[in-house]
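A short worksheet on the structure shown next.
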Amino acid sequence: MNHASLADYAINDENTRGRKHPEEQPGYRGQFQRDRDRIIHSTAFRRLEYKTQVFVNHEGDLFRTRLTHSIEVAQIARSIARTLRLNEDLTEAIALAHDLGHTPFGHAGQDALNKCMKEYGGFEHNLQSLRVVDQLECRYAEFSGLNLCFETREGILKHCSPINAGKLGEIGERFINGKQPSLEAQLTNLADEIAYNNHDIDDGLRAGLLNIDQLTEVQLFKRYYDLVVSHYPDLRDRRLTHEVIRRMINHQVSDLIETSISLIRQADPRVPDDIRHCDQALIQFSAEMREFNLELKRFLRQNLYLHYKVHRMTTKARKIIRDLFDAFMDDYRLLPPEHQGHYLSNQEKTGTAGAARSIADYIAGMTDRYAIGEHMRVLNPYHTNETQ
Ligand code: MG
């Protein structure tokens, strides 16, 4: 990354707060390129291919997975970062890592695991993403985790409850004192929102759970639907959908860039810490776009996330997570040997809460299909070992 092209308040290799375990400067890459590369080579990153957002992984080959979602977020985030002269490598690293801590089966899995862990400190996927990069990846001789730079970790932790924030030290401080993360973290968070709102429309249409008529109730969709139809009256199906969605994404990204440029201009930051001490985020949508987005989210919730076919899937998913958690809590010897080891060492350090945490780590790391298979292997009495 050429520092000369970055804004003064962008994060760069000189102003980074660095890594927990000091390491030599990379030879030909920047610090945040190294972070991004470590994330891409991690085990948790490869698992994203078989984890879902809304649909279960085996339901269709063309639906977004967490991997393709993360790549779409990175694409949107990098475009915004480049336009605002912010650190593209950092935004890419945050985008590719932001969902590493997600459980199998999307939000249904996370809610179920959070309920299982209620008495043991709960389960938050953002916190789990940080746990993956700070502790759970085992690849390096000298440290656990990936030893990422502070700013990459700060961006991964986009939400956190005050109780958990209090246990995290420097990285959790902003959730207690109401301060902001870097602009790179702020924009990646909103790039995530742009990506999933739009691709959930696309996947919902592809799955036949949504139709175009319903979608024209949504103002932002209707605006571009009418425009595309007036230019191309004979356009149908996939091409029509895509022509509408690409315009929606472009409008959201442009709105975000323009609104943020004017907020940054007003705040006039000189260094990254000026951003952190602002009372409000400087990367924002306009008030009008926030309204559009709210309407779109409400629509998706009502018509897609609560669709009975999705609900059937999420109900099964919650059961799988709950059953596995209970079975392992009842008898840890059902765990694979490596995880029995984690269970016992965590139990020794922090008692039952630690033991439960090691089970949550195991379950959260599962892909959709692994969780389904494990449920069968552990709990189906007619499933024989030969078919494992
Ligand atoms: Mg996401």
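The values are calculated or read from the model by the stated rules, or taken from the named source; none is laboratory data. In this text, all values refer to a predicted model and were calculated from it rather than measured experimentally. Quick reminder, even Gly has a Cβ in these numbers, built from the backbone with ideal geometry, and neighbours come from all protein chains shown. Protein only, heavy atoms only, side chains kept; ligands, DNA and RNA dropped before computing areas. Shrake-Rupley method; radii C 1.70, N 1.55, O 1.52, S 1.80 Å.
Between residue 265 and residue 290, full extension at 0.36 nm per residue minus the direct alpha carbon distance yields a gain of 6.9 nm.
Each other residue within a Cβ distance under 14 Å of residue 9 adds +1 if Lys or Arg and -1 if Asp or Glu, for a net charge of -3.
What number in nm² do you get for segment 151-257 if you take the convex hull of its Cα atoms and divide its surface by four?
8.8
When the alpha carbon gyration tensor of segment 221-335 is reduced to an equivalent ellipsoid, its three semi-axes come out at 38, 30, 12 angstrom, largest first.
From the Cα trace of the chain, what convex hull volume per residue do you get, rounded to a whole Å³?
159
Solvent-accessible area of segment 84-171 (1.4 angstrom probe, protein heavy atoms only): carbon and sulfur portion equals 47 percent. A 1.4 Å probe run over the chain, with the rest of the protein chains in place, finds 49 Å² accessible per residue. Summarising the overall dimensions of segment 124-168 from its C-alpha atoms, the Rg and Dmax are 10.8, 33 angstrom. Once backbone amide H atoms are built at 1.01 Å from N, residue 65 has no partners under 5 Å, excluding neighbours fewer than 5 places away on the same chain.
Residue by residue, segment 127-132 carries 3J(HN,Hα) couplings of 5, 5, 4, 5, 4, 4 Hz when phi is fed to the Karplus relation 6.51 cos²θ - 1.76 cosθ + 1.60 (θ = phi - 60°); x denotes Gly or Pro. Measuring max minus min along each principal axis, the C-alpha atoms of segment 76-214 give extents of 53, 44, 35 Å (largest first). Comparing 214, 31, 176 along the charge dipole axis of the chain, the residue lying farthest to the positive side is 214, per the Cβ-charge model.
Measuring gaps between exposed loop sites in the chain (chymotrypsin sites (Phe, Trp or Tyr not before Pro); DSSP loop; at most 11 other Cβ atoms within 10 Å), the longest gap, sites not included, is 29-381. Segment residue 349..residue 383, full-extension length gain: 8.7 nm, with 0.36 nm per residue of separation and the alpha-carbon distance subtracted. Checking the a/c ratio against 1.5 first, then a/b against b/c, what shape does the Cα gyration tensor give for segment 303-388? Verdict is oblate for segment 303-388. Taking the centroid of alpha carbons for each part, segment 111-163 and segment 325-379 are 17 Å apart.
Karplus-derived 3J(HN,Hα) values for segment 148-163, using 6.51 cos²θ - 1.76 cosθ + 1.60 with θ = phi - 60°, are 7, 5, 3, 5, 5, 5, 4, x, 5, 7, 7, 10, 6, 6, x, 5 Hz; glycine and proline are entered as x.
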